[in-house]
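Notes follow the structure.
The values are calculated or read from the model by the stated rules, or taken from the named source; none is laboratory data. Being a predicted model, the structure only gives us computed values, none of them experimental. Cβ placement follows ideal geometry from the backbone for every residue including glycine, while neighbour counts extend to all protein chains displayed.
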Amino acid sequence: MCYKHVSLFFIFSREENILAKKYYTESIPDVEKELNTSLQDGLSDSEAKARLEKYGENALASKKKRSMFMRFVDQFKDFMIIVLIIAAVLSGVLAKEWTDAAIIMIVVILNAILGVFQEARSEAAIDALKEMATPDAHVRRDGAIITIPSTELVPGDVVLLEAGDVVPADLRLNLARSLKIEESALTGESVPVEKHAETLSGEDIALGDRVNMAYSNTNVTYGRGEGIVVGTGMNTEVGKIATMLNNADETDTPLKHNLNQLGKTLTMMILAICVIVFIVGVLKANPADRNSTLMINMFLVAISLAVAAIPEGLPAIVTIILALGTQTMAKHKAIVRKLPAVETLGATDIICSDKTGTLTQNRMTVEKVFYDGKLHDDSEEIKDTNPALLSMVLANDTKIENGGNLLGDPTETALIQYAFDQNIDVQGLLEKYKRVQEVPFDSERKLMSTVNKDNGKFYVAVKGAPDMLLKRITKIVRNGEVVAITDAEKQAILESNKNMAKQALRVLGLAYKQIDDVYDDPTTDNVEQDLIFAGLVGMIDPERSEAKAAVAEAKSAGIRTVMITGDHQTTAQAIAERLGIIQKGQDERVLTGAQLDKLSDDYFKQHVGDYSVYARVSPEHKVRIVKAWQANDKIVAMTGDGVNDAPSLKQADIGIGMGITGTEVSKGASDMVLADDNFATIVEAVKQGRKVFSNIQKAILYLMSCNVGEVLTVFMMTMLGWDILAPVQLLWINLVTDTLPAIALGVEPVESGIMKRKPRGKKSNFFSGGVASSIIYQGILEGVLVLGAYQIGLHVGPHVGDASMQHGDALTMAFLTLGLI
């Protein structure tokens, strides 16, 4: 049961409904006035206490948890489970077969315990979200800066941020000094976002583009800032995610749906046959023999037939097959948290995959370098005296640890890694060109410069946004000489920058100059003037080498890959083209979050198949995409690693979390976790899931054909008025022959060509693919053989002429034939 009562969350009046307001479109004075606070002094201590009482703690609320006992009781509400319990009671009380009854009840109880355990694990997502809260926050109150627990923050507080901090609440920034915040867990953005305090214009600005906002549970990687708290607790963006997690629909897995359908169908059919057997058995008897003893005996036969016909071992067999499937998947780096997820993967029609870290490496990498008027691949050799390389290494704040680990901004670490890959002695260069002065990066001018020693002179290295850098470049190296740069050369540089940007590369400009003396006061006005162009460097978070082949294999299996990312449209489209998710130039298959907002639900459900790539999306968009596919009867697998992915992971038929880069929130909301964060592992898991379904079908074919044979044998014997098998014989055959052979069928290896088949579809079931007809004809064949053996026993053998002995031979032959079949 899913609790959706609004009483679980804070109920705000119009003035308190903070999250609904678009503070990024309001000026700081307006925000200050609206929240009745002061940037200079902050809130008073008494006002903060009053607001804490009014708004509650800055913490996440969760839905009311059900008791362990009620969860356990819920496991017995399944139709087939109820029938099995009734059958167990009747077989024990009436047929005195307590062993059979005990086995049935053990299976039922074990399934219930497993169900309770899985439900408890699934609630870990909200608990993990709560644990992400920061322990402390630096705030300005009564004009003084103090440190308080983040749970005591209230709307209107003025919070101070610096590198290394976790943002404690949603803030409207009023100050940003070279401030960069890593928001990938919330937005999917692969690199830290540069922040500023200017008011934004526009009503529907994507979460990742609200650069004057700082959101709860994101990380400050560079610079410092200050902001006014505009949302706390459930009124933050991460609080919205918690709300969606609480309210996410609990979807039945195909396995559960198929088992329920199987149980209801079988039970109705078997009960009908049992009633007919009972009535016909009584009517066929001589009127003189119709007494209470006959009635009880025929009732026992009917109950025994019901117990024998219902595959009570099926839940145990399915559980064992699924458990063996999880072990196989674990060897392939796919850790299954919920057993039904194994089979659900095999039915997958759509894989909605996050880009960063799943399809890509989640690591900025240099791919192209432009210098000497030419574009070079990252594999081409570059000398350590090349000005482009020197600017990459020297104008860089990356810290290099002894073990070779690089710490710093992902863009800057990518430049150092490029130098390492070129076998450049980076440490040696840093020693030779020792930094003596610097002009730090600033989000307004978008440049960074260092002044370094250079054999009695000084070498100025500059890197930054190409358009900003070109304004300060006056010279270029032509034929080995430094000469004045022409407008045509500047245009060629801009064209190269544009071409690299079209390939979704993040481009930085590189420049340098040599000076005789250090600056008295190094500023952008003197250091970053009269520069010599060194080159351009293009970086990208590249696709995983094995992801393209995995996407192709999924396509051959009839599975469609859909990319959903918080990154920019250009980047998303370029990666999708490189992976084969879309063809080059298929712009119409790419949809942004802002464009999705303009589509009605009905239209989107009808046209969701038109789109393969979604860019700049929010958590709500991801859930909407999953629901649209599900509305088209598709089985949807969703991958994710961030807090923002948790609601869609829970909504999907199969949620797949990332084991390496994934947050505990996303793992807790997932059905399966990838130990290697690799998309190719998903495709391998789909193959194993298909094998599991195929093996379960084989087990069901075996069990049901046997049971149909038993039912038909007893039914026909009753119809013909022959002496029938005793209840104890039916129960013994059922007990001994049902489970172990079916388990053996459940461990068969993957069939060749299993990934060339199309997904079986949401409406398919265990009887699809010819299984139903096989059960019927095999069951009829078994029944005919058993009846034939009975007739042979009556007319052939050493006891012909002795009716009593011949009858015993016939029953023995029928019993052995049925058991062996």
- Query: Could we say that Ala501 is in the same structural domain as His376 (by TED's automatic domain parsing), among the aliphatic types (A, V, I, L, M) and not in a helix (DSSP H, G or I) here?
  - Reply: no
- Query: Among the strands (runs of 3 or more DSSP E) confined wholly to the range 331-437, which include 3 or more residues that are in contact with a Gly (Cβ under 6 Å, 6 or more places away or on another chain) and either in contact (Cβ under 8 Å) with a residue 12 or more places away in the chain or buried (at least 19 other Cβ atoms within 10 Å of the Cβ) (or both)?
  - Reply: 365-371
- Message: Quick test for you: out of Asp454, Asp442, pick the one residue that is farther than 30 Å from Gln573 by Cβ, of a type outside the set (Ser, Thr, Tyr), surrounded by 14 or more Cβ atoms within 10 Å (Cβ to Cβ) and within 43 Å of the chain's Cα centre (by Cα).
- Response: Asp442
- Task: Report yes if some residue within the range 473-484 is assigned by TED's automatic domain parsing to the domain that holds Leu390, under 46 Å from the mean Cα position of the chain (by Cα) and surrounded by 14 or more Cβ atoms within 10 Å (Cβ to Cβ); otherwise report no.
- Result: no
- Task: Report whether or not Lys338 is at pLDDT below 80 and under 25 Å from Pro619 (Cβ atoms).
- Result: yes
- Task: Only residues in the range 602-618 that are farther than 24 Å from Glu183 by Cα count as the first member; pair them with residues that are in a helix (DSSP H, G or I) and aromatic (Phe, Trp, Tyr), Cβ under 8 angstrom, at least 6 apart or cross-chain, and list the lot.
- Result: Val608/Trp629
- Query: Does any residue of the range 638-645 turn out to be surrounded by fewer than 24 Cβ atoms within 10 Å (Cβ to Cβ), in a loop (DSSP other than H, G, I, E, B) and either outside the structural domain of Glu203 (by TED's automatic domain parsing) or touching a helix residue (DSSP H, G or I) at 6+ places or on another chain (Cβ under 6 Å) (or both)?
  - Reply: no
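Residues checked against (1) assigned by TED's automatic domain parsing to the domain that holds Ser648; (2) surrounded by fewer than 23 Cβ atoms within 10 Å (Cβ to Cβ); (3) in contact with a Phe, Trp or Tyr (Cβ under 9 Å, 6 or more places away or on another chain):
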| residue | (1), (2), (3) |
| --- | --- |
| Asp204 | no, yes, no |
| Val211 | no, yes, yes |
| Ser216 | no, no, no |
| Thr221 | no, yes, no |
| Gly225 | no, no, no |
| Ile228 | no, no, yes |
| Thr232 | no, no, yes |
| Asn235 | no, no, yes |
| Met244 | no, yes, no |
- Message: Here's a check for you: in the range 733-742, which residue that is touching a residue at least 24 places away in the same chain (Cβ under 8 Å) and surrounded by fewer than 17 Cβ atoms within 10 Å (Cβ to Cβ) is nearest to Leu818 (Cα to Cα)?
- Response: Val736
- Being surrounded by 14 or more Cβ atoms within 10 Å (Cβ to Cβ) and either touching a Cys at 6+ places or on another chain (Cβ under 6 Å) or at pLDDT 90 or above (or both) is the filter here, so list the residues in the range 610-620 that pass it. Tyr611, Ser612, Val613, Tyr614, Ala615
- Give the range 210-231 a look and list any residue that's over 15 Å from Lys180 (Cβ atoms) and not in a strand (DSSP E or B), or say none. Ser216, Asn217
- Would you mind stating whether Thr570 is within 30 Å of Arg210 (Cβ to Cβ) and in a helix (DSSP H, G or I)? yes
- Within the range 653-743, helices (runs of 4 or more DSSP H) holding 1 or more residues that are among the small types (Gly, Ala, Ser), closer than 30 Å to Ser556 by Cβ and not assigned by TED's automatic domain parsing to the domain that holds Lys355: 679-720
- Among the residues of the range 670-716, how many are more than 25 Å from Ser752 (Cα to Cα), out of contact with any helix residue (DSSP H, G or I) (no Cβ under 6 Å at 6 or more places or on another chain) and crowded, with 22+ Cβ neighbours inside 10 Å? 1
- Task: Can you tell me which residue within the range 763-818, out of those that are of a type in the set (Gly, Ala, Ser), over 47 Å from the mean Cα position of the chain (by Cα) and surrounded by fewer than 18 Cβ atoms within 10 Å (Cβ to Cβ), is nearest to Ala726 (Cα to Cα)?
- Result: Gly808
- Any chance you could count how many residues in the range 146-192 are of a type in the set (Val, Ile, Thr) and without any contact (Cβ under 8 Å) to a residue 40 or more places away in the chain? 3
